[in-house]
Amino acid sequence: MSALRAFPGLVTAVMLTMPMAALADQTRSGPPALSQARQGAEHESKSADLAGEFKQMLDTMKLNSFAAKHADGYVGVLYMPGIQLLVVSGKFTSGDRMNYLIEQKSYREAYGDLNSASERASRILISDLGPSGLHFKREKDQPFDIVDIGGKSLSFDGKWGGKENPSREEYAKTFDTTDEQYSQMLQVLIEALKKSS
């Protein structure tokens, strides 16, 4: 189990206490500021409005976890008000236990199973810090979003190029794909939450 999944609160705490200089750091190989602004505009968040809607629903219903069936898999969420939405999707060889947990409204346990016991190759974990939907790069003085897809993590911190970062093309492609997947996950959760109320 990755540190992100095991200690989600710790990840948030570490990022919120990072020096401001580190938060504002950009890679030397990165594009000029004007170019970065244009590139960010090309990748506007599709998930931002849905995250806001879902967060409001959770607040109104006083829920900090939820889970729902989606196609041949499941989606679960762990919500820390004002801090983050941890949203995970995945598949199981047998869905009997997940179906039972959702029926019993044991949502936190369902989230835990999705986060740790679902098929690794199918698992997508979104750490939406804020929470405000995924953003192409870090906003000023704000933490950045993190995704874990099939066990591989990527931070949307606006850094690409060089030996330690993905290429600009890989970064942009991963963002667009993940933002679309996250939007679909949120839509599933919103619709299921409406039906459950």
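Shown are T174, T93, T60, whose ranking by accessible area with a 1.4 Å probe and every protein chain present, most to least, is T93, T60, T174. Computed over the range 58-124, the alpha-carbon pair-distance distribution with 10 angstrom bins reads 24, 55, 19, 2, each value a whole percent.
For K152, K159, K194, write out the residues from largest to smallest accessible area, computed with a 1.4 angstrom probe and no ligands counted.
K152, K194, K159
In the range 58-197, inverting the average of 1/r over every pair of distinct C-alpha atoms gives 15.6 Å as the Kirkwood radius.
Hydrodynamic estimate: the Kirkwood radius of the range 155-197 over Cα pairs, inserted into Stokes-Einstein at 25 °C and 0.890 mPa s, corresponds to D of 202 µm²/s.
The values are calculated or read from the model by the stated rules, or taken from the named source; none is laboratory data. On a predicted model such as this, the values are computed, not experimentally measured, just so you know. Remember, those area values only see protein heavy atoms, side chains included, never the ligands or the DNA or RNA. Shrake-Rupley method; radii C 1.70, N 1.55, O 1.52, S 1.80 Å.
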